[in-house]
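Down below is the structure, laid out as structure tokens.
Any read-out appearing in this document is the output of simple, stated calculations on the displayed coordinates, not a laboratory observation. Predicted, not measured: the structure shown is a model, and the values here were computed from it. No Cβ is skipped: glycine too gets one built from the backbone with ideal geometry, and neighbour counts run over all protein chains shown.
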Amino acid sequence: MHVVMPKLSELVAKRRVLGLTQAQLAEQVDISQSAVAKIEKGRMVPNYNMAKRLFEALEHLERGAEKTAGDIMKKKVCWVGPDDPLGRAAEMMTRHGISNLPVLEAGVSVGRITDGVVIAGGRENYDKACRKVMGPSLPAVPESTPAGVVRELLKRESLVVVTGEAGKVRGVVSRSDIL
């Protein structure tokens, strides 16, 4: 396989776009800051391995520059179980000032309770199990999902569930988390 490495002249621009100092880049690659300065000024030609490490570090930082769902999620998730009474959901929504609650069973999202469901049910239905009145599950994305994708989902939904292994809920992202 033939790999084309970027030109050394691109090193400065890539580093500056990422907001890195020469010292920070040098630390990432485990070389001296003066070596980075000499390479950038054309006074030193790095060997292949050093050049490869420099560009791999920059590429890794570029990929990591965009936040993911895991970076922006709230890890403390308010939720109810399918057998919890609707009144518990209403109390949690009021206490935490939220309008949506995921319904979790064994850590996996199986539905949602909205403030609209609570209001429509009225206090006379507060003893009903959430499973009898819950709506479809909230949209779920893995932690590695780019924040831009989550932002698009939040144009249509007010809450997105972030999942880890085996679909277990690890956090949530609301519209206010991306503002």
Completion exercise
Assertion target for THR163, THR21, ordered by fewest C-beta neighbours within 10 angstrom first, is THR21, THR163
Completion exercise
Measuring from its Cα centre, region 8-65 shows a charge dipole (+1 at each Lys and Arg Cβ, -1 at each Asp and Glu Cβ) which, in debye to the nearest 20, is 200 debye
Exercise for the section: Please give the length that would be gained between THR94 and VAL45 if that part of the chain were fully extended, namely 0.36 nm times their separation in residues minus their C-alpha to C-alpha distance (nm, one decimal). Expected result: 11.3 nm
Handout entry: GNM flexibility winner over the chain from GLU62, GLU124, GLU157 (Cα, springs under 10 Å)
Key = GLU124
Completion exercise
Note: region 8-65 at 37 °C, 0.692 mPa s; Kirkwood Rh on alpha carbon pairs; Stokes-Einstein D in µm²/s works out to 296 µm²/s
Fill in the blank from the handout: Scoring the chain by relative contact order with C-alpha pairs under 8 Å, at least six apart, yields a percentage of 20 percent
Fill in the blank from the handout: Answer in debye to the nearest 20: the dipole magnitude of the chain about its Cα centre, from +1 Lys/Arg and -1 Asp/Glu charges placed on Cβ, is 440 debye
Completion exercise
Given Cβ charges of +1 for Lys and Arg and -1 for Asp and Glu, the option among GLY107, LEU154, ASN125 whose Cα lies farthest towards the positive end of the dipole of region 69-177 is LEU154
Exercise for the section: Quick one: order LYS155, LYS38 by neighbouring beta-carbon count within 10 Å, fewest to most. Expected result: LYS155, LYS38
Completion exercise
Expressed to two decimals, the chain has a Cα Rg over Rh, using the Kirkwood radius, of 1.24
Problem - Cross-link table LYS7/LYS38; LYS14/LYS74; LYS67/LYS155; LYS52/LYS74; LYS38/LYS67, entries beyond 26 Å C-alpha to C-alpha - result: LYS14/LYS74; LYS52/LYS74; LYS38/LYS67
Handout entry: Stretch gain in nm, segment LYS168-VAL108, where the contour uses 0.36 nm per residue and the Cα spacing is subtracted
Key = 21.1 nm
Completion exercise
In this structure, the FRET efficiency calculated for ARG53 and GLU143 from their beta-carbon separation, with R0 = 22 Å, to the nearest 0.05, is 0.20
